[in-house]
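Read through the structure below, which is laid out as structure tokens, and then see the notes.
Just so it is clear, none of the values below were taken in a lab; they were calculated from the coordinates. This one's a predicted model, so the numbers in the text were calculated from it and none came from an experiment. Backbone-built Cβ (ideal geometry, glycine too); neighbour counts: all protein chains shown.
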């Protein structure tokens, strides 16, 4: 194969992999750090206009600087996604800055630290349910109508293996992430006739800065050994899966959950 043919094939593959993403407007919630920030970078690299949102203004500014530094068209808007009024305001501001959202990635969440059910407070329960499940509901409710009206769009909700099987995580975290999977299916069914797709990602253990803080190196090695593929996942592993589900390559996939967990859960 000549160099010219190799270049042509690479260009064709890139165009195919970013079809439906290049030129689109994408919103990434929880985009200030970790998996969300890496997803934002992948979307920007694929040619999307990217809006990141979260509660940490300083972290959002750092992500925004990185995206714009790479030549991307990007914006950052702080918002608490557990507050429906703030989500409505976010929808208005995104529309003013970047126009209607074509691609939505809801990664906001957290609060999965182990807590015994019998000692869990009302506040801990509601905080975890709201951060993971209610925030996704508010976000879909605000941004889906634009997709429905234009008869195009795709969304990915970020769940977890904690929503697929029991785990040491708190009961609220597991329940919220299982709820995200059903929310994905229910919402996907309701919008399918309008040409809009909604899918979910259920990552396993992913190596982020937060994981480094919570889990010492020897513990990470033990967890890696639990995965048939022999390693902990990376944010890039998740971002690549998200990009696929948002692209036209997944145009006949909706209401599905893609397990990105190195084979730890096989169904």
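Give me the percent relative contact order of the chain, please, defined on Cα pairs under 8 angstrom at least 6 residues apart.
Working: 512 pairs, mean separation 51.8, N = 267.
Over the chain, the number comes to 19 percent.
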The chain, helix-only ellipticity at 222 nm - DSSP H runs n ≥ 4, -39,500 (n - 2.57), divided by all residues, nearest 500
-15000 deg cm²/dmol
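FRET efficiency for residue 212 and residue 70, Cβ-Cβ distance as r, R0 = 22 Å, nearest 0.05?
Values: r = 25 Å, r/R0 = 1.12.
Working from the Cβ atoms, E equals 0.35.
Fewest Cβ neighbours within 10 Å first, please rank 97, 43 accordingly.
Working: 97 14, 43 32.
Ranking 97, 43 by Cβ neighbours within 10 Å, fewest first, gives 97, 43.
At 0.36 nm per residue, and after removing the present C-alpha to C-alpha distance, how many nm does the segment from residue 165 to residue 120 gain when stretched out fully? Don't skip to the end; give the middle numbers.
On the way: separation 45, 0.36 × 45 = 16.20 nm, distance 2.00 nm.
Answer, rounded to one decimal: 14.2 nm.
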Express in nm, to one decimal, how much length is gained between residue 57 and residue 88 on full extension, taking 0.36 nm for each residue of separation and deducting their alpha carbon distance.
9.3 nm
Report the full-extension gain for the segment residue 194 to residue 253: residue separation times 0.36 nm, less the Cα-Cα distance, to one decimal in nm.
19.8 nm
Neighbour-count order for 156, 191, fewest beta carbons within 10 angstrom listed first
191, 156
Working note, the range 27-260: Cα radius of gyration (Å, one decimal) and Dmax (Å, whole number) are 17.0, 51
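Hey, what's the Cα Rg ratio for the range 145-267 versus the globular rule of thumb, 2.2 N^0.38 Å? Before the final figure, lay out the partial values.
Working: Rg = 15.8 Å, N = 123, 2.2 N^0.38 = 13.7 Å.
It is 1.15.
Which of 121, 161, 18, 29 comes first, and how do the rest follow, when ranked by fewest Cβ neighbours within 10 Å? Please report the intermediate quantities before stating the final value.
Numbers: 121 9, 161 19, 18 22, 29 27.
Fewest to most other Cβ atoms nearby, the residues stand as 121, 161, 18, 29.
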